[in-house]
Amino acid sequence: MAAPEEQELSQAQTEKLLQFQDLTGLESMDQCRRTLEQHNWNIEAAVQDRLNEQEGVPSVFNPPPSRPLQVNTADHRVYSYIVSRPQPRGLIGWSYYMIMLPFRLTYYTLLDIFRFALRWVRPDPRGRVTDPVGDVVSFIHSFEEKYGRSHPVFYQGTYSQALNDAKRELRYLLVYLHGEDHQDTDQFCRSTLCTEEVLTFLNTRMLFWACSTSRPEGYRVSQALRENTYPFLAMIMLKDRKMTVVGRLEGLIQSEDLLNQLTFIMEANQTYLMSERLEREERNQTQVLRAQQDEAYLESLRADQEKDRRKKEEQDKVQAEEEKVRQTVLAEEMRRRTLEEEKELKSECLPPEPPADDPDSVKIVFKLPNDTRVERRFLFQQSLTVIYDFLFSLKETPEKFQIVTNFPRRVLPCLPTEEQPNPPSLKEAGLSRSEVLFVQDLTED
């Protein structure tokens with residue numbers, strides 16, 4: 001199935017789309033369009049909802065699981081002011097009242113019976129809130145169509161969002177429940193709510209949230225506040241760390257009387273609001289102090305850890321040096337033992353010393369590096385390697401050495417090399433029957 005084509009925008013909708021993008025900074029034009037469509041192209045409500053999202057308040061189009069409204073309505077110290085309807089005056093007034101009384105009673109009785117029967121047939125659709133912002137925006141549109149745009153600034157968001165903002169900003173929240181079918185609603189809106197003095201007072205002193213009880217969001221708030229009649233106003237503020245209804249105004253109230261009652265409620269609860277502000281400031285200062293203490297503790301902990309790390313590094317360094325010395329000693333001891341074993345093996349493998357009267361014998365005196373002298377006889381036909389092995393087997397002889405003649409001075413090739421794998425014999429080396437040879441230490445080299 002092909003995706004449905006998007007409806008083309010009108011010129012007014014295009015202007016609102018561009019204006020919304022400028023106000024919110026969103027880059028996606030599709031996202032801007034979806035947001036405006038969700039708010040029925042009401043740019044004020046769409047911007048308000050977008051700002052709420054940026055401040056951490058969840059959008060009503062992605063709401064968290066529903067829960068009861070967290071407002072304390074059980075405080076017995078709530079100020080309540082109910083305005084009764086004026087009694088009829090004079091003979092004509094009482095006559096009209098008595099004539100209309102049966103008709104009114106019959107009308108409201110039949111209306112209540114009809115509503116009661118309707119609930120059995122079809123559940124009240126107001127009990128299910130699916131679009132709370134849409135309910136509020138729809139009420140504002142219908143209010144402006146009927147009473148004009150000169151009215152207090154309505155909070156364009158859900159009731160829960162209004163509570164959160166009032167709590168966060170420590171402001172009063174005035175809630176107005178609009179009863180569309182009530183006989184006093186029209187007069188209250190025209191002669192009280194939309195007057196210049198009430199408009200100025202509400203806009204400068206508090207947040208103002210309103211909705212019709214015929215819409216699910218307004219009906220839900222009505223079930224929470226339990227009004228008795230209309231028009232209904234409730235003053236809510238943060239008191240004892242929870243949002244509490246501190247004043248209820250019910251009935252047709254005049255503008256001057258409304259301002260007096262609201263002023264009285266605010267003055268009576270000003271100490272609570274100041275206490276909340278001071279307590280919040282103390283909490284903030286305590287949090288800042290605690291954060292500073294935590295930072296100081298962490299800094300001290302880091303310093304101690306750094307000190308321990310350096311100490312451990314020093315200990316590891318000392319241990320490594322000690323281990324290095326120990327390994328060096330062990331290696332030297334192992335080398336010494338290996339050298340002794342090699343000397344013993346060379347000594348055991350030496351051919352026997354020829355007798356002094358042997359005509360082929362050579363008498364050699366060796367002068368060692370420690371100025372000691374060693375004398376031994378060898379045979380002319382024996383290899384120079386035998387001389388080297390003899391000297392190597394002596395304890396006084398260094399580990400590495402070479403044998404040098406006195407005059408002319410030359411080094412005897414006692415060990416095999418690549419050029420001369422078989423060292424020459426004593427006779428081939430030109431030694432006489434009696435020689436003095438020097439042992440030169442090569443270990444230090």
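The values are calculated or read from the model by the stated rules, or taken from the named source; none is laboratory data. Since we're looking at a predicted model, the values are computed, not measured. Glycine gets a Cβ as well: all are built from the backbone with ideal geometry, and neighbour counts include every protein chain shown. Remember, those area values only see protein heavy atoms, side chains included, never the ligands or the DNA or RNA. Shrake-Rupley method; radii C 1.70, N 1.55, O 1.52, S 1.80 Å.
Computed values, structure above
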quantity: Residue in region 328-335 that is among the hydroxyl-bearing types (Ser, Thr, Tyr), surrounded by 10 or more Cβ atoms within 10 Å (Cβ to Cβ) and modelled with pLDDT under 90 present; calculated: no
quantity: Residue in region 387-398 that is modelled with the lowest pLDDT, counting only those that are in contact with a Pro (Cβ under 9 Å, 6 or more places away or on another chain) and buried (at least 19 other Cβ atoms within 10 Å of the Cβ); calculated: 397
quantity: Single residue of 401, 366, 378 found to be buried (at least 16 other Cβ atoms within 10 Å of the Cβ) and modelled with pLDDT under 90; calculated: 401
quantity: Check on residue 261, farther than 28 Å from residue 213 by Cβ, not in a strand (DSSP E or B) and not aromatic (Phe, Trp, Tyr); calculated: no
quantity: Residue selected from region 183-203 under the condition open to solvent by less than 50 Å² (accessible area, probe 1.4 Å), out of contact with any helix residue (DSSP H, G or I) (no Cβ under 6 Å at 6 or more places or on another chain) and not hydroxyl-bearing (Ser, Thr, Tyr), by the criterion farthest from residue 272 (Cα to Cα); calculated: 184
quantity: Residue within region 158-172 that is over 30 Å from residue 278 (Cβ atoms), surrounded by fewer than 17 Cβ atoms within 10 Å (Cβ to Cβ) and without any contact (Cβ under 8 Å) to a residue 24 or more places away in the chain present; calculated: no
quantity: Hits in region 404-422 - residues which are open to solvent by 20 Å² or more (accessible area, probe 1.4 Å), of a type outside the set (Val, Ile, Thr) and more than 21 Å from residue 340 (Cβ to Cβ); calculated: 406, 407, 408, 409, 410, 413, 416, 418, 419, 420, 421, 422
quantity: Residue check, residue 296 modelled with pLDDT under 90, farther than 30 Å from residue 183 by Cα, in a helix (DSSP H, G or I) and not β-branched (Val, Ile, Thr); calculated: yes
quantity: Residues satisfying the stated conditions in region 1-33, i.e. modelled with pLDDT of 75 or more, open to solvent by 40 Å² or more (accessible area, probe 1.4 Å) and under 18 Å from residue 156 (Cβ atoms); calculated: 16
quantity: Unmet criterion (only one of (1) farther than 30 Å from residue 199 by Cβ; (2) open to solvent by less than 30 Å² (accessible area, probe 1.4 Å)) for residue 261; calculated: (1)
quantity: Any hit, region 187-201, residues being of a type outside the set (D, E, K, R), touching a strand residue (DSSP E or B) at 6+ places or on another chain (Cβ under 7 Å) and at pLDDT 90 or above; calculated: no
quantity: Residue among 199, 207, 238, 174 that is in a helix (DSSP H, G or I) and not acidic (Asp, Glu); calculated: 199
quantity: Selection within region 339-355 - among the basic types (Lys, Arg) and either open to solvent by 60 Å² or more (accessible area, probe 1.4 Å) or without any contact (Cβ under 8 Å) to a residue 40 or more places away in the chain (or both); calculated: 346
quantity: Residue in region 263-285 that is modelled with pLDDT of 90 or more and touching a Ser or Thr at 6+ places or on another chain (Cβ under 7 Å) present; calculated: no
quantity: Near pairs, Cβ below 8 angstrom, 6+ apart or cross-chain, from region 250-277 (β-branched (Val, Ile, Thr)) to any residue that is at pLDDT below 90; calculated: 253/81; 253/83; 265/79
quantity: Counted residues, region 204-233 - those being open to solvent by 30 Å² or more (accessible area, probe 1.4 Å) and under 17 Å from residue 153 (Cα atoms); calculated: 2
quantity: Conditions (1) assigned to a loop (DSSP other than H, G, I, E, B); (2) open to solvent by less than 30 Å² (accessible area, probe 1.4 Å); number of the one not met by residue 430; calculated: (2)
